[in-house]
Amino acid sequence: MSSPGRPEKQVPVRSLSETAFKEICRQLEQAFTDEKASASFVCGGTIPMVEKLISVYWRNGKHDSQAQVVDLPVPSTGDDGNNRLVHSLVASCEAASFGRNKETVMDPEYRKAGKLELDQFATTFHPADHGILDEIAQNLVRNLDAGNAWLVPRRVEAELYKLNVYSGPSGLFQKHVDTPLSENQIGSLVVCLPSPFKGGNLMVRHNGSEVDFAWEVHSANTIQWAAFYSDCEHEIKTVSEGHRITLTYNLYAKVEASKPPSPVLDARSLPMYGLLKDVLQNPGFMKTGGVLGAFCAHSYPHAYEGVEKLLPQYLKGSDLGLYAVLHALGFKVEVLPVVVMHEGDEEWGYPQCWNPKTSRYKTDLQLNDEDVAIFVGPELKAFDAMFNSGEEDYREESYEKPITWISDPQHPAAAMAHINYGNQAEAGLMYSYATIIAEIPAWNERQLRMQELTETE
Ligand SMILES: O=C(O)CCC(=O)C(=O)O
Ligand SMILES: [Fe+2]
């Protein structure tokens, strides 16, 4: 993006005044906020039923050798036999539990639904047949092709998880976060099969934004679907009539890009790129160098062994956007864990976090009242490795480079939702805050790079 009005030759500029610096940081923060607001965290669609019906086969219990089958949608007129089959399917479901504070609980006030496990049902429906997986890849699962600053859709796989039925007059599932079952699980897919119902809106939220899937209107004769990142809170409002029959899938991002190549998105076309480039072309901004930091908008599984391979590849939405922009500008950019120190942690070996003595950056921010100090860890590592990092890792140098934050932690409480309410009890993975940190070289070191960027446009 060119910068109209910029003088041809740069005259030496004194450091920016503090007010001007703050104003620029405010603009950068706003740009990341805008990016967060426009980046997707959820997508969805509707598939009209033309001629092929969806068959669902099921058996009453996993030892039952007889299966039944229903073809959806059932005709709206005439024969009651098909409706009886739907009722029989519903009757075969067991009450669905959910996870609360690491326990599996039944609480019809919180979740009232039936479920069939994988060993009890099969279906002729597959999301890949309807282009759903490609659409999810385009919208939610992009990967930075570092050489080109391109964001390329990644291949997505959907693994069937359960069949659920939410029935009138009181089926519902209050707000929760789906428990990720493995480190490369990126999100969840819900497919609503054609069967008439009223109510039952699916609400998906992230970072203060909300998307409302009101499926009742076309429930009788379309397949409707929604896919969202694992860290999105969601809920199903009360179903007042009929049966809302859904298939749920776990979504996994595969390392390979999708084939055939789908449209790439150039990081240089993101608004943040133009703004950051303009800011960094100002010799007075971080004249002697500095560190830009942003708290990621999404949470990531940090306790998992191999997390260092997971990020930045698995960054989501606006986090990937910011990372890609900084990378495209040619700066050293890293994804680093946030280390929270609580009172007493020092005595029992920093159980919450990284050993702060190995941290590269310290910050004055506080996530909670009980936090004593927050550090940014030196690298992403599995929880055990963090715990064991010993005294010998002591870093002599102090944290001489303060971080200029362009985004604060958004919702400390949201990270906790994973622990409190899940679609299943066992939280296989702990999620925590991650940050994107870029080292900005002093003006005399970055000048050439900035000129090159302008010339190649
Ligand atoms: O049926 C739906 O809309 C979503 C179900 C859900 O959130 C879950 O099973 O975790
Ligand atoms: Fe869920």
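The values are calculated or read from the model by the stated rules, or taken from the named source; none is laboratory data. All of these numbers come straight from a predicted model, not from anything done at the bench. Here the Cβ positions follow ideal geometry from the backbone for every residue, glycine too, while neighbour counts run over all protein chains shown. Each accessible area value is taken on the protein alone, full model and side chains, heavy atoms only, with ligands, DNA and RNA left out. Shrake-Rupley method; radii C 1.70, N 1.55, O 1.52, S 1.80 Å.
Return only the number of the condition from (1) within 26 Å of P263 (Cβ to Cβ); (2) aliphatic (A, V, I, L, M); (3) surrounded by fewer than 22 Cβ atoms within 10 Å (Cβ to Cβ) that L172 does not satisfy. The failed condition is (1). If you go through the range 308-329 one residue at a time, how many are at pLDDT below 90 and surrounded by fewer than 24 Cβ atoms within 10 Å (Cβ to Cβ)? Counting residues in the range 308-329 that are at pLDDT below 90 and surrounded by fewer than 24 Cβ atoms within 10 Å (Cβ to Cβ) gives 7. Restricting attention to the range 214-233, the residues that are within 13 Å of ligand 2 (Cβ to nearest atom) and either open to solvent by 50 Å² or more (accessible area, probe 1.4 Å) or modelled with pLDDT under 95 (or both) total 5.
Residues that are touching a helix residue (DSSP H, G or I) at 6+ places or on another chain (Cβ under 7 Å), among the aliphatic types (A, V, I, L, M) and part of a helix (DSSP H, G or I) within the range 26-48 comprise L28, A31, listed in sequence order. With respect to the stated conditions, S209 fails to be touching a residue at least 12 places away in the same chain (Cβ under 8 Å) and farther than 16 Å from V42 by Cβ. Annotation note: Cβ proximity below 6 Å between a residue of the range 79-102 that is among the basic types (K, R) and open to solvent by 60 Å² or more (accessible area, probe 1.4 Å) and a residue that is in a loop (DSSP other than H, G, I, E, B) and more than 16 Å from ligand 2 (Cβ to nearest atom) (sequence gap 6+ or interchain) occurs for no pair. Q366 passes every criterion in (1) modelled with pLDDT under 70; (2) farther than 22 Å from R26 by Cα apart from (2).
When we screen G187, G208 for residues that are among the small types (G, A, S) and away from ligand 2 (no atom under 11 Å from the Cβ), the only hit is G208. Among the residues of the range 49-66, those that are touching a residue at least 12 places away in the same chain (Cβ under 8 Å) and touching a helix residue (DSSP H, G or I) at 6+ places or on another chain (Cβ under 9 Å) comprise V56, W58, R59, N60, G61, K62.
For the range 64-73, the criterion of being acidic (D, E), exposed (fewer than 12 other Cβ atoms within 10 Å of the Cβ) and assigned by TED's automatic domain parsing to the domain that holds I223 is satisfied by no residue at all.
In the range 197-213, the residue that is surrounded by the fewest Cβ atoms within 10 Å (Cβ to Cβ) out of those that are of a type in the set (A, V, I, L, M, F, W, C) and within 12 Å of ligand 1 (Cβ to nearest atom) is M203. For the criterion of being in contact with a helix residue (DSSP H, G or I) (Cβ under 9 Å, 6 or more places away or on another chain) and open to solvent by 40 Å² or more (accessible area, probe 1.4 Å), D134 passes. Annotation: of all residues in the range 177-196 being within 10 Å of ligand 1 (Cβ to nearest atom) and part of a loop (DSSP other than H, G, I, E, B), the one that is farthest from Q224 (Cα to Cα) is T179.
Restricting attention to the range 133-163, the residues that are touching a Gly at 6+ places or on another chain (Cβ under 7 Å) and either part of a strand (DSSP E or B) or among the hydrophobic types (A, V, I, L, M, F, W, C) (or both) add up to 1. For the range 96-115, a residue qualifies if it is assigned to a strand (DSSP E or B) and away from ligand 2 (no atom under 16 Å from the Cβ), and exactly one does: E103.
Of all residues in the range 19-48, those that are in the same structural domain as V191 (by TED's automatic domain parsing) have Cβ atoms under 6 Å from Cβ atoms of residues that are part of a helix (DSSP H, G or I) and open to solvent by 70 Å² or more (accessible area, probe 1.4 Å), 6 or more apart or on another chain, in I47/H130. Annotation note: of L163, L140, L151, L133, the sole residue that is within 11 Å of ligand 1 (Cβ to nearest atom), in contact with a strand residue (DSSP E or B) (Cβ under 9 Å, 6 or more places away or on another chain) and at pLDDT 85 or above is L163.
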